[in-house]
Amino acid sequence: MEPITIPSLQVENIAPGTRVLLRASLNVPLEGGAVSNTFRLRESLETIESLAHTGARVVVCAHIGRAKTESLLPVWDAMKKESDLPIYFATDVCGSDATKKAATLKNGEVLLLENVRQEAGEETNDPVFAKKLASFGDVYVNDAFPDSHRAHASVVGVPALLPHFMGPNFAREYVALERARTPESPSLAIVGGAKLETKEPLLRTLLSLYDSVFVGGALANEFYKAQGYEVGKSLISGKETSAGALLKSGKVQVPEDVVVQTTLGKKEVRDASEVLADDIIYDIGPRSLETLKKTIAEARFILWNGPMGNFEAGYDEGTFSVAKFVAESSATSVVGGGDTVAAIERLGNAKDYTHVSSAGGAMLDFIGNGTIAGVEALK
Ligand code: 3PG
């Protein structure tokens with residue numbers, strides 16, 4: 001593993017009264033205007049609480065969603081329910097409300113700024129905006145690994161202006177994902193979900209680093225197509241993909257059987273080469289799971305990202321089985337991705353994995369490319 005060249009936050013070295021500008025990862029799902037999953041929020045609160053308890057004045061900046069109109073107000077509500085800290089909310093990012101509230105913040109208090117993406121300068125990494133944001137801190141802590149593949153002002157602009165550290169959540173992700181780039185043999189990568197186009201760089205890297213790469217979810221459909229198999233009405237990109245070239249590595253394992261939904265809406269198991277023109281492939285089949293179970297049991301390092309089937313629609317047998325097999329194995333295991341983490345949360349067995357990553361795209365980019373913008377900005 002590469003030596004870590006990024007300074008880590010040592011909370012005990014933060015003097016009371018220090019103004020800490022914390023980039024947190026608060027891009028959480030909302031349902032009916034309320035936070036529906038608090039996984040990331042709870043992780044961020046641990047860092048916020050440890051800083052506040054040392055007497056720091058903590059100004060938290062974060063984004064939510066992609067639309068500039070989205071607000072962190074529901075996240076503030078959820079934070080207040082999860083924590084006893086005095087947490088205030090600024091209705092702007094660095095306007096008069098934020099400036100006034102930041103100036104009157106006392107030791108041990110927390111101010112959450114409004115969605116940083118409401119400011120146009122965030123996504124363009126505008127130096128004037130970065131300077132305004134930096135004015136809220138004596139030091140900057142990036143604890144938002146999941147957002148750090150974006151070269152935005154709060155990720156790369158501010159650390160250039162302030163003494164900077166990686167927070168504990170960032171550090172955990174960084175160390176685990178560095179480790180996933182130097183896996184012990186026999187190593188196994190399991191990749192599911194959809195969109196081969198976006199996962200191509202990742203798959204290429206995994207094929208160079210891992211002994212075998214198992215492909216599930218809609219991603220597998222591209223490989224069936226490349227082998228000349230019928231995929232019926234299953235989800236595929238519709239574009240030319242590199243699946244054929246990736247298969248030539250000899251390391252790609254594709255599920256040998258699948259669970260399909262037939263025209264009558266029934267679930268049926270078929271050999272992967274016997275899918276019918278009207279079928280929709282929704283999960284991996286029982287024989288594939290048995291084969292995968294053995295590979296998992298023999299592996300010493302397992303990386304898993306992405307569901308094995310249409311998890312949301314109830315085709316969750318493959319994903320839950322893989323979650324259990326990986327949890328039971330004695331291998332070092334690094335798992336991540338939104339649906340993967342959702343499955344693990346439903347099983348309630350997060351402690352049975354070496355590392356559960358809350359990063360989605362950032363995890364894929366980091367493993368695929370070896371670094372991300374926010375990591376470079378802290379070096
Ligand atoms: C994520 O949820 O993957 C991160 O918070 C990044 O969000 P983004 O894709 O909107 O930049």
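The values are calculated or read from the model by the stated rules, or taken from the named source; none is laboratory data. Worth saying up front: this structure is predicted, and the values here are computed from it rather than measured. Counting neighbours? That spans all protein chains shown, and the Cβs are built from the backbone with ideal geometry, glycine included.
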Query raised in the report: Taking region 116-156, which residues are in a helix (DSSP H, G or I), more than 19 Å from residue 365 (Cβ to Cβ), without any contact (Cβ under 8 Å) to a residue 40 or more places away in the chain and not hydrophobic (A, V, I, L, M, F, W, C)?
Result: 121, 127, 131, 132
Query raised in the report: For the subset of region 99-115 comprising residues that are farther than 22 Å from residue 163 by Cβ and free of Cβ contacts under 8 Å to residues at least 24 places away in the same chain, which member is nearest to the chain's Cα centre (by Cα)?
Result: 101
Requested in this report: Answer yes if at least one residue in region 80-99 is touching a Gly at 6+ places or on another chain (Cβ under 8 Å) and either outside any helix (DSSP H, G or I) or aromatic (Phe, Trp, Tyr) (or both), and no otherwise.
Outcome: yes
Report task. Only residues in region 350-379 that are more than 27 Å from residue 163 (Cβ to Cβ) count as the first member; pair them with residues that are away from the ligand (no atom under 16 Å from the Cβ) and among the hydroxyl-bearing types (Ser, Thr, Tyr), Cβ under 6 angstrom, at least 6 apart or cross-chain, and list the lot. Result -> 353/333; 354/332; 354/333; 368/205
Report summary line: Exception for residue 127 within (1) in contact with a helix residue (DSSP H, G or I) (Cβ under 7 Å, 6 or more places away or on another chain); (2) modelled with pLDDT under 95; (3) not charged (D, E, K, R) falls at (2)
Report summary line: Scanning region 209-258 for residues that are farther than 20 Å from residue 286 by Cα, part of a helix (DSSP H, G or I) and either touching a residue at least 12 places away in the same chain (Cβ under 8 Å) or touching an Asp or Glu at 6+ places or on another chain (Cβ under 9 Å) (or both) gives 209, 222, 225, 226, 243, 244, 246, 247
Query raised in the report: How many residues are among the β-branched types (Val, Ile, Thr), within 24 Å of residue 199 (Cβ to Cβ) and part of a strand (DSSP E or B) when one looks only at region 259-286?
Result: 5
Requested in this report: Looking at (1) of a type outside the set (Phe, Trp, Tyr); (2) within 10 Å of residue 108 (Cα to Cα); (3) crowded, with 17+ Cβ neighbours inside 10 Å; (4) more than 21 Å from the chain's Cα centre (by Cα), find the lone condition where residue 48 falls short.
Outcome: (4)
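Run down 96, 83 and say which single residue is hydroxyl-bearing (Ser, Thr, Tyr), away from the ligand (no atom under 16 Å from the Cβ) and without any contact (Cβ under 8 Å) to a residue 24 or more places away in the chain.
The match here is 96.
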Query raised in the report: Would region 2-11 turn up any residue that is of a type in the set (D, E, K, R) and within 16 Å of the ligand (Cβ to nearest atom)?
Result: no
Report task. For region 177-188, state whether one or more residues are assigned to a strand (DSSP E or B) and over 25 Å from residue 45 (Cβ atoms). Result -> yes
Report summary line: Only one of 116, 158, 141 is buried (at least 23 other Cβ atoms within 10 Å of the Cβ), touching a Ser or Thr at 6+ places or on another chain (Cβ under 7 Å) and either over 22 Å from residue 369 (Cβ atoms) or of a type in the set (Ser, Thr, Tyr) (or both), namely 116
Query - Residues that are within 18 Å of residue 202 (Cα to Cα), at pLDDT below 95 and β-branched (Val, Ile, Thr), drawn from region 328-355 - result: 340
Query - Members of region 142-170 that are within 19 Å of the chain's Cα centre (by Cα) and away from the ligand (no atom under 16 Å from the Cβ) - result: 166, 168
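Residues checked against (1) touching a helix residue (DSSP H, G or I) at 6+ places or on another chain (Cβ under 7 Å); (2) part of a helix (DSSP H, G or I):
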{"site": "334", "(1), (2)": "yes, no"}
{"site": "344", "(1), (2)": "yes, yes"}
{"site": "351", "(1), (2)": "no, yes"}
{"site": "374", "(1), (2)": "yes, yes"}
Query raised in the report: For residues in region 340-374 being more than 15 Å from the ligand (Cβ to nearest atom) and in contact with a strand residue (DSSP E or B) (Cβ under 7 Å, 6 or more places away or on another chain), which is nearest to residue 29 (Cα to Cα)?
Result: 344
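Here are some residues: 363, 308. Which one is under 28 Å from residue 264 (Cα atoms) and of a type in the set (A, V, I, L, M, F, W, C)?
308
Out of 27, 37, I need the residue that is under 20 Å from the mean Cα position of the chain (by Cα), within 16 Å of the ligand (Cβ to nearest atom) and surrounded by fewer than 17 Cβ atoms within 10 Å (Cβ to Cβ). Which one?
Among 27, 37, only 37 is under 20 Å from the mean Cα position of the chain (by Cα), within 16 Å of the ligand (Cβ to nearest atom) and surrounded by fewer than 17 Cβ atoms within 10 Å (Cβ to Cβ).
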Report task. Go through the residues of region 296-307 one by one and say whether even a single one is within 16 Å of the ligand (Cβ to nearest atom), of a type outside the set (Val, Ile, Thr), touching a residue at least 12 places away in the same chain (Cβ under 8 Å) and not in a strand (DSSP E or B). Result -> yes
